[in-house]
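Report on the following structure.
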Amino acid sequence: MPRGKRGGRVSALEGGGEEGAPPAAAAVPSAPWAFPQPPEAAAEQVLLRGIFEIGRNSCDVVLSERTLRWRPIQPVRPAGDSKYDVLHKEEFIELKDIFSVKLKRRYFATQHKNGTLLGITLFICLKKEQNKLKDSTLDLINLSDDHCDIWFRQFRKILAGFSNRPKSLKIFLNPQSHKKEATQVYYEKVEPLLKITGIKTDVIITEYEGHALSLLKECELQGFDGIVCVGGDGSASEVAHALLLRAQKNAGMETDSILTPVRAQLPLGLIPAGSTNVLAHSLHGIPHVVTATLHIILGHLQPVDVCTFSATGKLLRFGFSAMFGFGGRTLALAEKHRWMSPNQRRDFAVIKALAQLKPEDCEISFLPFNSSQDLQQRRARGSPKSDCSDRWQMIQGQFLNVSIMAIPCLCSVAPRGLAPNTRLNNGSMALIIARNTSRPEFIKHLKRYASVKNQFNFPFVETYTVEEVKVYPRNKTGGRHPKEEDQLHETASEESFPWNVDGDLMEAASEVHVKLHPRLISLYGGSLEEMIPK
Ligand SMILES: Nc1ncnc2c1ncn2[C@@H]1O[C@H](COP(=O)(O)OP(=O)(O)OP(=O)(O)O)[C@@H](O)[C@H]1O
């Protein structure tokens, strides 16, 4: 039955709603955790049926296995009055969008206990435009204690049945992120929602770079259902790396050389509060604090691909994306000017790196992604490495920038993503290479990221879908002018090259080996495939 005729999804319940906004049912396409259509009422077992006042109408309310439906009770109507059908249409919410229930009471000014019962308040998650989630409430008014008690218990029972929702979270908060607003973001927007839901929290305010990493090596995680990071990409990536490192240690693996790492034991939630929030943006389709919080509360989990970065056979770190060449130098310059505001130092670093634009003489070997089922199965069985040795390809030359990305890397300057053809968990990475070209051509390529045009449609840009990459800078100093040398030393230490790994500076002296590990970590978030492109 078409949804429009059946009725709307809690459209009238948002306390007047947003001005000019269409009803939620019409405006909100289904997300991956939503049924595209409400389940047929007839097919569902009815759990409770009763009368509540909803939005000033006395309603016939039906609670079934998956939905809560209500329809205003109509007086006997003149036959054939079709207006009534439209005015008194059925509305519904899906139970999986409810995240808390409370008894609603009225208290007088001096009263702190035993207020007058008014009914039940449901706390629900609404899907809005552009992948945004919003919290809202639905009041079911009925003054009868017995009536409300039965319904309240039933809602509590339903909520307890969502076993994937976290009950206890360990939270790492970087107070220095962006313009130092992470603390305010957490206490004003995140904590109130966690409190309403009854989620227990242990909040740790990080004191220095690497603090979360060192705490996560040792701290007690028994009893926690997930970890949350409040901050930007640097913090998020540090916590993800720490969680994965801990998982390897717990599994008794040598963390120096990890070929097939084990999965992280706890899921990670990312609350975007930094100057760059590429990870959270890629995960949620939007860098929005309430959306991120609601994904955590509702236990929406996404398995996400992760890379290992190794040099001379030793693990350097886990990460989701990397840039070498222009991207690495820009970050190195920005880090040297930390005293500037985040936006200032980013703009300054981009301009300076462009002014000093230099290609890197490199050899790049890569293993192209092979999606064939046979190969995937052989790999799952742990077949020897030699199986794919003949598939390695090698390119060499002068490269301005090399990007290796396991996730789409959505951000404000590239709303479709730095690697728009990659997904969070498609088992492959994008290798994007910009060969040497003139500065104006390279700038044109960079500017394309912000537009809807294809940023890769340049003769000097090559893209590959890969599983592994080895980047070998051939000669750091050979043939350079002394002045160029000085400029290089401004961006990296003597014998190493700057890499930008998830917005963090990583310096590596020799060949860096990047390998993709499918679905290595679970992050709280929606699936980008199902999200609405901007
Ligand atoms: N109390 C602290 N003081 C200084 N640095 C910290 C502190 N806590 C964490 N850090 C480090 O700050 C770095 C950057 O933080 P984060 O990514 O959260 O913010 P950001 O504003 O996005 O940063 P950036 O300007 O680097 O993009 C992280 O690498 C993190 O380890």
Can you find a residue that is modelled with pLDDT of 95 or more and farther than 28 Å from residue 414 by Cα anywhere in region 253-262? no
Of everything in region 268-288, what is open to solvent by less than 20 Å² (accessible area, probe 1.4 Å) and either among the hydroxyl-bearing types (Ser, Thr, Tyr) or assigned to a loop (DSSP other than H, G, I, E, B) (or both)? Give them in sequence order. 273, 274, 282, 285, 286
Which condition does residue 264 not pass, out of (1) in a helix (DSSP H, G or I); (2) touching a Leu at 6+ places or on another chain (Cβ under 6 Å); (3) open to solvent by 10 Å² or more (accessible area, probe 1.4 Å), if it passes all the others? (1)
For region 328-353, name all the residues that are within 11 Å of the ligand (Cβ to nearest atom) and either assigned by the TED database to the domain that holds residue 178 or among the hydroxyl-bearing types (Ser, Thr, Tyr) (or both). 341
Looking at 126, 117, 169, which is the one that is more than 20 Å from the chain's Cα centre (by Cα) and either within 16 Å of the ligand (Cβ to nearest atom) or aliphatic (A, V, I, L, M) (or both)? 117
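Is it true that residue 188 is open to solvent by 20 Å² or more (accessible area, probe 1.4 Å), outside the structural domain of residue 342 (by the TED database) and within 16 Å of the ligand (Cβ to nearest atom)?
Judged against the criteria, residue 188 is not a match.
Any residue that is open to solvent by less than 20 Å² (accessible area, probe 1.4 Å), modelled with pLDDT of 90 or more, closer than 20 Å to residue 351 by Cβ and of a type outside the set (Phe, Trp, Tyr) - is there at least one of those in region 423-438? Give the steps one after another, and end with the answer.
Taking region 423-438 as the starting set, the residues that turn out to be open to solvent by less than 20 Å² (accessible area, probe 1.4 Å) are 424, 427-434.
Then keep just the ones that are modelled with pLDDT of 90 or more; that gives 424, 427-434.
Imposing the further condition that a residue be closer than 20 Å to residue 351 by Cβ reduces the set to 434.
Those left that are additionally of a type outside the set (Phe, Trp, Tyr): 434.
Checked region 423-438: at least one residue is open to solvent by less than 20 Å² (accessible area, probe 1.4 Å), modelled with pLDDT of 90 or more, closer than 20 Å to residue 351 by Cβ and of a type outside the set (Phe, Trp, Tyr).
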Under the condition of being in contact with a Lys or Arg (Cβ under 7 Å, 6 or more places away or on another chain) and open to solvent by 40 Å² or more (accessible area, probe 1.4 Å), which residue from region 191-207 is farthest from the ligand (Cβ to nearest atom)? 200
Picked from region 492-507 (must be surrounded by fewer than 23 Cβ atoms within 10 Å (Cβ to Cβ) and more than 16 Å from the ligand (Cβ to nearest atom)), the residue modelled with the lowest pLDDT is 492
Taking the criterion of being closer than 20 Å to residue 172 by Cα, open to solvent by less than 30 Å² (accessible area, probe 1.4 Å), polar (S, T, N, Q) and more than 16 Å from the ligand (Cβ to nearest atom), would at least one residue in region 290-301 satisfy it? yes
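From the residues in region 113-136 that are part of a strand (DSSP E or B) and basic (Lys, Arg), which one is modelled with the highest pLDDT? Can you show your working first?
To start, the set of residues in region 113-136 that are part of a strand (DSSP E or B) comprises 116-127, 133-136.
Filter once more, keeping what is basic (Lys, Arg): 127, 134.
Details: 127: 91, 134: 96.
The extreme case among them is 134.
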Kindly list, by first and then second residue, each pair from a residue in region 208-232 that is open to solvent by 30 Å² or more (accessible area, probe 1.4 Å) to a residue that is within 12 Å of the ligand (Cβ to nearest atom), limited to pairs with Cβ atoms under 6 Å and residues at least 6 apart or on different chains. 213/238; 213/242
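The values are calculated or read from the model by the stated rules, or taken from the named source; none is laboratory data. In this text, all values refer to a predicted model and were calculated from it rather than measured experimentally. Cβ atoms come from the backbone with ideal geometry, glycine included; neighbour counts cover every protein chain shown. Accessible surface is based on the protein model in full, side chains and every heavy atom, while ligands, DNA and RNA are left aside. Shrake-Rupley method; radii C 1.70, N 1.55, O 1.52, S 1.80 Å.
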